[in-house]
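S.K.: Structure in structure tokens, see below.
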Amino acid sequence: MRKLSILAVVLAVGALAAWLGLPVNEVKAARPYEGTTIRAVVNAEYVKYSLSLVEQAVYDKLGIKIETEVIPLDPYVAKTLLEFNSGKSPWDLIMFGPSFMPDYGRHLEPLEPWIQKLKLDFVMDDIPDVYKKLMLRHEGKIVSMPYDGDVHIMFWNKVAFERPDNKKKFKAKYGYELAPPQTWKQWDDQAEFFHGWGWDGTDRKLFGAGASYKGNNYSYYWWRPRFFSYGGQYFDAQMKPLINGPAGLRALEEMVKTIQYYPPGVMLFESEEPKTMLIKGEVPFLFSWTSTGKRVGNPNESVIVGKAGFGIVPGAEIDGKIVYRPDLTPGRSMAVSKYSQKKEATMKVLELISDPEQSLKIVMDPKTIMDPWRVSHFKSEKFRKSFPGADEYLDAILKTFPHVVPDPILPGASEYMRKLSFEITEALAKRKSPQEALDSAAAEWDKITDRRGRDKQTALWGEKMSEMKQVGIEYHPDWAKKAK
Amino acid sequence: MAIALDRPRTVSRSARALRVRRWVGTALTWVAVVAALLFFLGPFFWILTTSLKGNEDYFAYPPVWVPADASLKHYGALFTRSSGARYFTNSLVVSTLSMLAALLVSLPTAYSIARWRFGGGFLSLFLLVLRMLPAIALIIPLYIMYKLLGLTNSYLGLVIVYTVLYVPFAVWLLVGFLRDFPVEIEEAALIDGCSRLRALVSVVVPIIAPGLAVVALFSFIATWNEFLFAIVLTGIETKTMMVLVTSFTSGGTDMFYGEASASVVLGVLPAFIVAFVLQRYLVKGLALGGTKG
């Protein structure tokens, strides 16, 4: 009897242990890094919000919690590089602009050894070539994954282009059919045509086009697609700036000439102001970051839902063919810090947040300004039906990819861009002539190159120039005269 | 007779003209005051109402000045999703500690300079030099030093740097107060058996309270609003409210207009409350400290 009681107790305890233990083991199998917290750093609250969309999935699958620090955009690069240059980093997962790869690259952990060690799958076949070739590598090694696929596309209000009265008036004045612009010549004609009257059939005084001409990089991004489509390039092989050549001059002269057709205050506009004017029906067209599409399709703020068109940013007609050179703007990438004490767990997190399913959640959410970057994002039926015209919007981005031009991906990229942007805005404000402004910018670029080490910069630029050549971007000094 | 009759009429005419002039003067003053209030408080009013609006009201036309269904949901989101509670607490703790530290350090320093010319003219001049250095010039060496000492991402590190920054102003202000304080009162206290410390605490401090209030207010508000050191020397545990405000307002707010506005309101409010509560002392203190000494 006593033996039976002991047996019963042992069995009961065993059963209880099994009952308690089984789920624990299951959870352990499902959450292999339970109890681990990694630290991420991003440059805006909306980026933190975007990470929060996948945090639950990260915890459910890996057992890892993400603690995200936000450092505001302006001091972001300085503060993060200050930490990295001290040889330590409080962060495991770091967001950065791929244009700053030469500055960040040496602080990032190469992915390939971990791909082999942990059998990670970043689904590289699902990433467009332009990112793979231009944005993910440092000294030939893959060190990051895209997070926000920034490119510029064109957006227009179909009302402006489809009203019969507008079509008739335009043809009478300019001698060709009114349609969304394909070249800069057409863009400028249409900006002039639409400016100052109610092209939507109302008696409002509306504006010719939208743009962002503020001197803190924006005016540079609005000058660049013209410059490159007129055959421009940042430097020659000896690192002599080419921005003040015929292509740069033509681009800037056109901008100065047509600024009168843009809304007052365009010189102070950053990204959101012209987007707001587009979705309020006040400008007929603009080009901007692809996240604009989600605002265009949001009925809470947009009056052009279902009436918006999407396409590639105009180019220049060279020998009968249009050359498009839209901006590949900085975007955002994610990488694992070389100084992280939790590299394995962070690699797993990077894999998960970059996978097609999780990254789709991030780029689809209308509250993030994270843009699609995987091929599967563009094919996602869910995304293509997420707002009226979403399919045209995604097709326009996909059509843009083969033509994009990246930032000058060199150490000090931000300095080069800011100096040029400042001078472009000086010319737009008519404080300098276009040639004077571009000459000053070129002189400033030379100073930056000398300060950073001319030989080092020239060698790095040589690599970047050949990468750009691979995607078809080369210097053509004769195009500025030829371009129509 | 004629003169007697004409006189009151002349007087009443000039009195009426004077009244009209006064009335016009008052009216113009009020117009100017209202215009100035609209100019300075208008943007804050817009931010305040935006923090209470729903998403659909941000861009509504005609504009929604006061939301019909005001809600605190953006404040809620700020405190939950954006770690607002942590940042707010950090700001309160750091500002309060810096304020106390500035008072504790500056009062004895100012007292020793005022009473005994401690350090000759050199100490007060040296303190002023600290104010002459632009913060940006200090930031990199300070960061490296803090990193070596393990003071980054700590309350202590922030309080030390803010105290060092605000003590010169506090000392110079308090020296003025203390020099004007009648030494005879203090000597009477000493004759009555008070120690020097007791005389300072029980006799001098209550009388120079307006000056101390100015120092307290200045230190609190300056610490609350400080950004450069707060961004470079802090980490995720010690970030302050101004860093949160900037992380919403720099680089485009996108769809987070409500939370961005809520962060601005919360970023301004405590400094506003402290200034409002201490304004009586502030005016008195600045006037006294400014004219004497």
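The values are calculated or read from the model by the stated rules, or taken from the named source; none is laboratory data. No experiment lies behind these values; they were computed from the predicted model shown. So basically every Cβ, Gly included, is an ideal-geometry build from the backbone, and we count neighbours across all protein chains shown.
S.K.: Tell me, which residue of the range B:135-168 that is among the aromatic types (F, W, Y) and under 25 Å from the mean Cα position of the chain (by Cα) is nearest to the other protein chains (Cβ to nearest Cβ)?
M.R.: Checked the range B:135-168; the qualifying residue nearest to the other protein chains (Cβ to nearest Cβ) is B:Y155.
Residue-by-condition table, conditions (1) crowded, with 18+ Cβ neighbours inside 10 Å; (2) over 25 Å from A:L438 (Cα atoms); (3) in contact (Cβ under 8 Å) with a residue 12 or more places away in the chain; (4) of a type in the set (A, V, I, L, M, F, W, C):
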{"position": "A:A237", "(1), (2), (3), (4)": "no, no, yes, yes"}
{"position": "A:L242", "(1), (2), (3), (4)": "yes, no, yes, yes"}
{"position": "A:R250", "(1), (2), (3), (4)": "yes, no, yes, no"}
{"position": "A:K257", "(1), (2), (3), (4)": "no, no, yes, no"}
{"position": "A:E282", "(1), (2), (3), (4)": "yes, yes, yes, no"}
{"position": "A:V296", "(1), (2), (3), (4)": "yes, yes, yes, yes"}
{"position": "A:I304", "(1), (2), (3), (4)": "yes, yes, yes, yes"}
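S.K.: For the list (1) buried (at least 16 other Cβ atoms within 10 Å of the Cβ); (2) under 21 Å from the mean Cα position of the chain (by Cα), I need the number of the one condition that A:G472 fails.
M.R.: Failed condition: (1).
S.K.: Any chance the range A:174-181 includes a residue that's more than 14 Å from the chain's Cα centre (by Cα), aliphatic (A, V, I, L, M) and farther than 23 Å from A:M347 by Cα?
M.R.: Yes, some residue in the range A:174-181 is more than 14 Å from the chain's Cα centre (by Cα), aliphatic (A, V, I, L, M) and farther than 23 Å from A:M347 by Cα.
S.K.: When only residues in the range A:44-80 that are among the small types (G, A, S), more than 7 Å from chain B (Cβ to nearest Cβ) and part of a helix (DSSP H, G or I) count, which is nearest to A:N217 (Cα to Cα)?
M.R.: A:A78
S.K.: Separate question: Please verify whether A:Y324 is touching a His at 6+ places or on another chain (Cβ under 8 Å) and in the same structural domain as A:G297 (by TED's automatic domain parsing), treating the condition exactly as stated.
M.R.: For A:Y324, the condition - touching a His at 6+ places or on another chain (Cβ under 8 Å) and in the same structural domain as A:G297 (by TED's automatic domain parsing) - is met.
S.K.: Something else: Read through the list (1) in a strand (DSSP E or B); (2) more than 8 Å from every other protein chain (Cβ to nearest Cβ); (3) more than 20 Å from the chain's Cα centre (by Cα), then give the number of the only condition that A:G87 fails.
M.R.: (1)
S.K.: Taking A:I94 as meeting all but one of (1) within 14 Å of chain B (Cβ to nearest Cβ); (2) part of a helix (DSSP H, G or I), write down the number of the exception.
M.R.: That leaves (2) as the condition not met.
S.K.: Do the conditions hold for B:G235, that is, is it at pLDDT 80 or above, surrounded by fewer than 18 Cβ atoms within 10 Å (Cβ to Cβ) and either touching a Ser or Thr at 6+ places or on another chain (Cβ under 8 Å) or not polar (S, T, N, Q) (or both)?
M.R.: So B:G235 fits the description; yes.
S.K.: Scan the helices (runs of 4 or more DSSP H) fully inside the range A:341-454 and keep the ones with 2 or more residues being within 30 Å of A:P32 (Cα to Cα), among the hydroxyl-bearing types (S, T, Y) and touching a residue at least 12 places away in the same chain (Cβ under 8 Å).
M.R.: Counting at least 2 such residues, we get A:343-354.
S.K.: Could you tell me which numbered condition B:A262 fails, if it satisfies all but one of (1) at pLDDT 85 or above; (2) crowded, with 23+ Cβ neighbours inside 10 Å; (3) facing chain A (nearest Cβ under 9 Å)?
M.R.: (3)
S.K.: Go through the range A:370-408 residue by residue and tally those that are buried (at least 20 other Cβ atoms within 10 Å of the Cβ), farther than 27 Å from A:S302 by Cα and out of contact with any Phe, Trp or Tyr (no Cβ under 7 Å at 6 or more places or on another chain).
M.R.: Within the range A:370-408, residues that are buried (at least 20 other Cβ atoms within 10 Å of the Cβ), farther than 27 Å from A:S302 by Cα and out of contact with any Phe, Trp or Tyr (no Cβ under 7 Å at 6 or more places or on another chain) number 3.
S.K.: Please go through the range A:345-386 and pick out each residue that is over 18 Å from A:A335 (Cβ atoms), among the hydrophobic types (A, V, I, L, M, F, W, C) and within 14 Å of another protein chain (Cβ to nearest Cβ).
M.R.: Matches in the range A:345-386: A:V363, A:M364, A:I369.
S.K.: Got at least one residue in the range A:107-117 being assigned to a helix (DSSP H, G or I) and among the polar types (S, T, N, Q)?
M.R.: Yes, some residue in the range A:107-117 is assigned to a helix (DSSP H, G or I) and among the polar types (S, T, N, Q).
S.K.: Out of curiosity, is B:G235 farther than 20 Å from B:I136 by Cβ, more than 14 Å from chain A (Cβ to nearest Cβ) and in a loop (DSSP other than H, G, I, E, B)?
M.R.: It is false that B:G235 is farther than 20 Å from B:I136 by Cβ, more than 14 Å from chain A (Cβ to nearest Cβ) and in a loop (DSSP other than H, G, I, E, B).
S.K.: Give me the pairs: first residue in the range A:75-95 and closer than 16 Å to A:A44 by Cβ, second residue among the charged types (D, E, K, R), beta-carbon distance under 8 Å, and six or more apart or on different chains, which are they?
M.R.: Here the result reads A:V77/A:D103; A:W91/A:R39; A:W91/A:E69; A:W91/A:E83; A:L93/A:R39; A:M95/A:R332, each pair linking the range A:75-95 to a residue that is among the charged types (D, E, K, R).
S.K.: Please determine whether any residue of the range A:179-196 is in contact with a Ser or Thr (Cβ under 8 Å, 6 or more places away or on another chain), among the aliphatic types (A, V, I, L, M) and at pLDDT 95 or above.
M.R.: yes
S.K.: Would you check which residues across the range A:457-484 are within 14 Å of A:K240 (Cα to Cα) and assigned to a helix (DSSP H, G or I) and list them?
M.R.: A:Q457, A:T458, A:A459, A:L460, A:W461, A:G462, A:M465
S.K.: Just checking, which of A:A160, A:A172 is of a type outside the set (S, T, N, Q), surrounded by 22 or more Cβ atoms within 10 Å (Cβ to Cβ), in a helix (DSSP H, G or I) and out of contact with any Gly (no Cβ under 6 Å at 6 or more places or on another chain)?
M.R.: A:A160
This table checks each residue for (1) away from chain A (no Cβ under 14 Å); (2) surrounded by 10 or more Cβ atoms within 10 Å (Cβ to Cβ); (3) among the aromatic types (F, W, Y).
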| residue | (1), (2), (3) |
| --- | --- |
| B:A15 | yes, yes, no |
| B:Y58 | no, yes, yes |
| B:V64 | no, yes, no |
| B:R81 | no, yes, no |
| B:F88 | yes, yes, yes |
| B:M99 | yes, yes, no |
| B:L104 | yes, yes, no |
| B:R117 | yes, yes, no |
| B:S124 | yes, yes, no |
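S.K.: Quick one: B:L72 ticks every box in (1) on the phi > 0 side of the Ramachandran plot; (2) not assigned by TED's automatic domain parsing to the domain that holds B:L244 except a single one, so which number is it?
M.R.: (1)
S.K.: When you check B:I208 against the structure, is it crowded, with 20+ Cβ neighbours inside 10 Å, in the same structural domain as B:V277 (by TED's automatic domain parsing) and without any contact (Cβ under 8 Å) to a residue 60 or more places away in the chain, yes or no?
M.R.: Spelling it out, B:I208 is indeed crowded, with 20+ Cβ neighbours inside 10 Å, in the same structural domain as B:V277 (by TED's automatic domain parsing) and without any contact (Cβ under 8 Å) to a residue 60 or more places away in the chain.
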